[in-house]
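The values are calculated or read from the model by the stated rules, or taken from the named source; none is laboratory data. Owing to the predicted nature of the structure, the values given are computational and were not obtained by experimental measurement. Here Cβ is always computed from backbone atoms with ideal geometry, including for glycine, and neighbour counts include all displayed protein chains.
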Amino acid sequence: MSSPTPSEPVDQHLARALAELGGARDSGALERPVRASSALTGHRALELFDDQIGSRQLDLAARWLRAQGKGFYTIGSAGHEGNAAVAAALRPTDPALLHYRSGAFYLARARQAGHAQAREDVMRGVCAAASEPIAGGRHKVFGHAELAVIPQTSTIASHLPRAVGVAFAIERAKKLGVRSPWPADAIVVTSFGDASANHSTATGAIHTACHCAHQHLPLPVLFVCEDNGLGISVATPHGWIRAAYGSRDHLRFFEANGCELAEAFEVAQAAATYVRETRRPAFLHLRTVRFMGHAGSDAEVTYRSPAEIRADYARDPILATARLLVSAGVATGAELAERYAREEREVRAIALAAAGEPQLASAAEVMAPLAPRDDVRVAERVARTVGTSEARARMHDGRLPEDEGPLTLSLAINRALADALAADPRTLIFGEDVGRKGGVYGLTKGLLKRAGAGRVFDTLLDEQSILGLALGSAVSGFLPIAEIQYLAYLHNAEDQLRGEAATLRYFSNGQYTNPMVVRIAGYGYQKGFGGHFHNDDSVAVLRDIPGLVIASPARPDDAAAMLRTCLATASENGSVCVFLEPIALYHSRDLHTEGDAAWLAPYVPPSRWAEAHVPLGSARLYPADRTPALTIVTSGNGLFMSLRVQRRLATEGLFVDVLDLRWLAPLPIADVLAHASRTHRVLCVDETRRTGGIAETVMAALLDRGFDGKLARVASADSFIPLGDAARLVLLDEPTIERAVRALAAR
C-alpha cells in the first residue's frame with residue numbers, strides 16, 4: 001500500500017486550522033462546564049471531540065483503502081460528527097436505529113458502554129472482514145448487540161417504521177408483562193437525512209407516531225433528521241424541514257446547529273428528556289454539513305462550485321468543537337492538532353490491520369445466517385406450545401374447536417389464531433379491521449373480546465406501518481401476527497419485508513432477529529367481487545426474498561397446522577413467515593357436489609398436534625385410486641380445481657396423482673421429485689402468472705435435479721385481474737387443466 005498522506009482538502013484545512021487556534025490550557029477546565037449553564041463538562045467535551053475526530057479519520061481511511069483496492073465502502077459521516085452529541089444525551093441501553101452517517105454516534109455510544117474496539121468494528125466493516133462483529137463482513141453497517149444498536153442498511157429511511165414499532169413494543173411490553181430486551185424507561189432514537197425525510201416511508205412512520213400520540217398511546221421515539229442540505233446532488237430547499245415537521249400536532253419539534261457541540265448536546269438532551277418523561281414522539285432537526293461528497297464515487301465538483309465547497313469548511317463541526325475546547329481552556333490548538341494527527345496514525349494502523357483480515361470465503365459462509373432451520377426443535381415447539389385448559393377455554397369462548405365438527409378454512413385459521421393467543425403471551429394480532437370488525441372475512445372474529453385490546457387491535461391503514469410495527473415488536477420480545485388485507489396491498493410496502501425484515505438476521509449474523517408471521521389474503525377467483533386490488537396472484541415479489549418462509553395452505557386442516565409451524569419456526573429459528581390465504585376458499589364447504597362437505601376438515605386437538613405437524617417444505621399427496629398416468633403439482637386454488645379434475649378423469653379411466661406444494665418457500669422439491677419419478681410425467685398447475693409464477697421454479701428445479709420425464713404447465717395469464725366475469729378470461733380454469741392432463745398423458 002502507498003503511504004497514508006492527507007489527500008482530502010477538508011482534511012488539510014482542518015489540520016492547519018487546529019494548529020492555528022492557539023489558546024492556553026486551564027487545569028480546572030476539565031471539570032467545569034464548557035460554557036455557562038451547560039451540562040457539558042470539559043472532560044466530556046474532550047471525549048466527544050475524540051469521537052468526532054475518530055469518525056473523521058475512519059472516513060478518510062476508508063477512502064484511502066478504497067484507492068488501494070482494500071476497502072469497499074466510502075459513504076462517510078464527515079460533517080455529521082455532531083451526532084456524537086445525540087449519543088451523549090442518551091443512555092447506552094436506548095435502542096438506536098441509525099443511518100449511514102452515524103460514525104461519531106457509534107463511537108460515542110461505544111465509549112458510554114465501555115466498548116473499546118469501536119474503530120476496529122468500523123474498519124472491519126469497510127474491509128468486509130469476516131471478524132466484523134455485527135454483519136460478519138456482509139455489509140458495512142453501524143450495529144452492535146451489546147450497544148443496543150440495531151443494524152440498518154437503509155438509504156431511504158426504511159428503518160423508521162421499525163423504530164416506531166420498537167417504541168410501541170417498549171410500552172406494550174410493560175402493559176402486558178412481556179419480557180423485553182429494552183429497559184422499561186428506554187426511548188428509541190432513529191436518524192435519517194433531510195432528503196430521506198421526504199420519502200413516503202419516513203412520512204408514513206412519523207405520521208403513525210403522531211397517530212398513536214393523538215390517541216394517547218405512549219410512543220417514546222426520537223426522530224433525528226441530520227440536515228446537510230443535500231440529497232446527493234439535489235439541494236433541500238432552505239427551511240423545508242422546519243416547514244414540513246416544525247408545527248405538527250403531537251410531535252414536539254427541537255432544532256439545533258449540529259456543527260456546534262454544546263448546543264447540539266443541550267438540545268438533544270432536552271429532546272431525549274421530553275421523550276423519556278412524556279413517552280411521546282419528538283423530532284430533532286440537526287443542521288449539519290456534508291464533506292467529501294455523498295460517497296467516494298460522487299464527484300461533488302460536477303454540481304457544486306469549488307467556492308461553495310470551500311465555504312463549508314468554516315462550518316466543520318470538529319473545528320467548532322476545537323474552538324469550544326480552546327475557549328474553555330480545556331486544551332490548546334496545538335494539543336488538539338496533535339490529538340488529530342495521533343488519531344490519524346492510530347486509525348491508519350487499524351485500517352492496515354483490517355485490510356489484512358480474512359473475508360468470507362464460501363457461499364455457505366455468506367448465506368449461513370439467512371434461514372437456519374432446526375426442524376426437530378420446530379416440531380417439538382409445535383407439540384408443546386399449547387395453552388392451559390383454562391386459557392384455551394377462555395380464548396375459544398367455552399367451546400373448543402375440536403368439539404365443533406368439520407370447519408371451513410376461515411374458521412380453522414380463526415381457531416388456530418385463538419390457540420396461538422392462548423398458548424403464548426408474546427403473541428400479538430393486528431392490522432386494519434382485525435379488531436372490532438373481526439377481519440374483512442371474519443377470520444379474527446371474537447379475538448379482540450377474548451384476548452383484549454392489548455393483544456388484538458386495529459391499526460391505521462398503512463401497510464408500511466403495519467409491517468414496521470411487526471418488525472419493531474418482533475425485535476423487542478413479541479411474536480407478532482400482522483395482517484395485510486389483500487396481496488395487492490402488500491406491494492406498496494414490500495420493502496419492509498425485503499429490505500428490513502429479511503435482512504436483519506443476515507446483516508447481524510443472527511444476533512438480531514424479527515420472528516413474525518404476516519397473514520395475507522390473496523389469489524384470485526373471488527366470484528362477483530373485487531377486480532385487481534382484491535384478486536391478485538403476483539407472488540414473485542415474495543418468492544425471491546432470501547430466507548423468507550412462504551406458506552400457502554388451501555385446506556382447513558393444513559392451514560391450522562401450517563400456522564402453528566410458522567409460529568414455531570419464528571420462535572425457534574427467528575424466521576420471517578408470510579402466510580398466504582386463498583380468499584376464494586375461505587368459506588368453501590363442498591368440493592365435487594353440492595352438500596358433500598368435502599372441503600371441510602375437523603380441528604385436530606392439541607394431543608395430536610405432533611402427529612399432525614406439517615414440516616417446512618413438505619408437500620401433501622392426494623393419490624389416484626389406481627396407477628397414475630401423471631402427477632399434477634399445484635397449490636392454493638389450483639389444488640381445489642385439480643382435485644375436481646382428478647375425480648372427473650378417474651370416471652373415464654385416466655388416473656392422476658395430485659401433489660399440493662403447501663409451501664412456496666422453502667419449496668418441497670424433494671417431495672416433488674420423489675412423486676414425479678413415480679409417474680415420469682408432471683403437469684404444473686399454477687394459478688399464478690406464467691411469468692414469475694410457481695411453475696417456472698418447479699420445472700427448473702426438476703431439470704436441475706436430473707428429472708428426465710415429460711413436463712408441461714398451465715398457468716394464469718400475464719395480466720392484472722379485471723372486474724366481473726372478465727376475470728375468467730385470464731385466470732386458469734378447470735377445462736384448461738383437463739385438456740393439459742389429456743395432452744400430457746397422450747405424449
Taking A712, is it in contact with a helix residue (DSSP H, G or I) (Cβ under 8 Å, 6 or more places away or on another chain) and crowded, with 16+ Cβ neighbours inside 10 Å?
yes
Reported set for region 81-108 where residues are touching a residue at least 60 places away in the same chain (Cβ under 8 Å), under 13 Å from H144 (Cβ atoms) and surrounded by fewer than 24 Cβ atoms within 10 Å (Cβ to Cβ) is T93
Would you confirm, using the coordinates I've provided, whether G114 is small (G, A, S), under 30 Å from A355 (Cα atoms), modelled with pLDDT of 95 or more and buried (at least 24 other Cβ atoms within 10 Å of the Cβ)?
no
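Can you confirm whether region 320-332 contains a residue that is surrounded by 16 or more Cβ atoms within 10 Å (Cβ to Cβ), assigned to a helix (DSSP H, G or I) and touching a Cys at 6+ places or on another chain (Cβ under 7 Å)?
yes
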Are there any pairs with C-beta distances below 7 angstrom linking a residue in region 310-321 that is over 18 Å from E300 (Cβ atoms) and of a type in the set (G, A, S) to a residue that is modelled with pLDDT of 95 or more and part of a helix (DSSP H, G or I), with the two at least 6 apart or on different chains, and if so which?
A320/L261
Kindly list, by first and then second residue, each pair from a residue in region 578-593 that is under 14 Å from G638 (Cα atoms) to a residue that is acidic (D, E) and not in a loop (DSSP other than H, G, I, E, B), limited to pairs with Cβ atoms under 9 Å and residues at least 6 apart or on different chains.
P582/E687
Considering only residues that are of a type in the set (G, A, S) and either more than 29 Å from G709 (Cα to Cα) or in contact (Cβ under 8 Å) with a residue 40 or more places away in the chain (or both), which ones fall in region 721-747?
G724, A726, A727, A740, A745
For region 36-57, state whether one or more residues are out of contact with any Pro (no Cβ under 8 Å at 6 or more places or on another chain), buried (at least 24 other Cβ atoms within 10 Å of the Cβ) and farther than 21 Å from G114 by Cα.
no
Out of region 706-747, which residues are at pLDDT below 95, under 17 Å from S642 (Cα atoms) and of a type in the set (S, T, Y)?
S716
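Among the residues of region 637-653, is any of a type in the set (F, W, Y), modelled with pLDDT of 95 or more, surrounded by 20 or more Cβ atoms within 10 Å (Cβ to Cβ) and in a loop (DSSP other than H, G, I, E, B)?
No; the residues of region 637-653 include none that is of a type in the set (F, W, Y), modelled with pLDDT of 95 or more, surrounded by 20 or more Cβ atoms within 10 Å (Cβ to Cβ) and in a loop (DSSP other than H, G, I, E, B).
Rundown of residues vs (1) assigned to a loop (DSSP other than H, G, I, E, B); (2) in contact with a helix residue (DSSP H, G or I) (Cβ under 8 Å, 6 or more places away or on another chain); (3) at pLDDT 95 or above, yes/no style:
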site	(1), (2), (3)
M1	yes, yes, no
G22	yes, yes, no
L30	yes, yes, no
F49	no, yes, yes
L60	no, yes, yes
G71	yes, yes, no
T74	yes, yes, no
G79	yes, yes, yes
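Across region 688-710, what is the number of residues that are assigned to a strand (DSSP E or B) and out of contact with any Lys or Arg (no Cβ under 8 Å at 6 or more places or on another chain)?
We begin by selecting, within region 688-710, every residue assigned to a strand (DSSP E or B); these are 688-689, 710.
With the extra rule that they be out of contact with any Lys or Arg (no Cβ under 8 Å at 6 or more places or on another chain), the set shrinks to 688-689.
Total satisfying the criteria: 2.
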I'd like the full set of residues that are under 25 Å from L65 (Cβ atoms) and assigned to a loop (DSSP other than H, G, I, E, B), limited to region 267-303.
T288, V289, R290, F291, M292, G293, H294, A295, G296, S297, D298, A299
Among residues of region 607-636, those that are more than 18 Å from D686 (Cβ to Cβ), touching a residue at least 40 places away in the same chain (Cβ under 8 Å) and among the polar types (S, T, N, Q), counted:
1
Inspect all residues belonging to region 165-180 and state whether any of them is in contact with a strand residue (DSSP E or B) (Cβ under 6 Å, 6 or more places away or on another chain) and under 22 Å from H99 (Cα atoms).
yes
Among the numbered criteria (1) under 23 Å from R728 (Cα atoms); (2) assigned to a loop (DSSP other than H, G, I, E, B); (3) out of contact with any strand residue (DSSP E or B) (no Cβ under 7 Å at 6 or more places or on another chain), which single criterion is violated by A554?
(3)
How about region 18-74: which of its residues are over 21 Å from A88 (Cα atoms), polar (S, T, N, Q) and within 31 Å of the chain's Cα centre (by Cα)?
T74
Selection status of A676, small (G, A, S), within 26 Å of D544 (Cα to Cα) and in contact with a Gly (Cβ under 6 Å, 6 or more places away or on another chain):
no
Considering only region 461-476, how many residues are touching a residue at least 40 places away in the same chain (Cβ under 8 Å) and either out of contact with any helix residue (DSSP H, G or I) (no Cβ under 6 Å at 6 or more places or on another chain) or under 13 Å from A502 (Cβ atoms) (or both)?
5
Can you tell me which residues in region 262-281 are buried (at least 23 other Cβ atoms within 10 Å of the Cβ) and within 25 Å of G231 (Cβ to Cβ)?
A264, A268, A271, P281
Condition broken by A29, with the remaining ones in (1) closer than 16 Å to G79 by Cβ; (2) of a type in the set (A, V, I, L, M); (3) touching a Gly at 6+ places or on another chain (Cβ under 9 Å) satisfied:
(1)
Those residues of region 126-144 which are crowded, with 23+ Cβ neighbours inside 10 Å, out of contact with any strand residue (DSSP E or B) (no Cβ under 8 Å at 6 or more places or on another chain) and farther than 27 Å from A167 by Cα amount to V126, E132, G136, R138
Counting only helices (runs of 4 or more DSSP H) entirely within region 145-261, those with at least 1 residues that are aliphatic (A, V, I, L, M), within 22 Å of the chain's Cα centre (by Cα) and crowded, with 18+ Cβ neighbours inside 10 Å are 160-176, 200-214
Being surrounded by 20 or more Cβ atoms within 10 Å (Cβ to Cβ) and among the acidic types (D, E) is the requirement here; does D557 meet it?
yes
Considering residues of region 375-423 that are of a type in the set (D, E, K, R) and under 27 Å from E171 (Cβ atoms) only, the residue surrounded by the most Cβ atoms within 10 Å (Cβ to Cβ):
D419
Quick one: would you say L630 is farther than 22 Å from A665 by Cα and crowded, with 22+ Cβ neighbours inside 10 Å?
yes
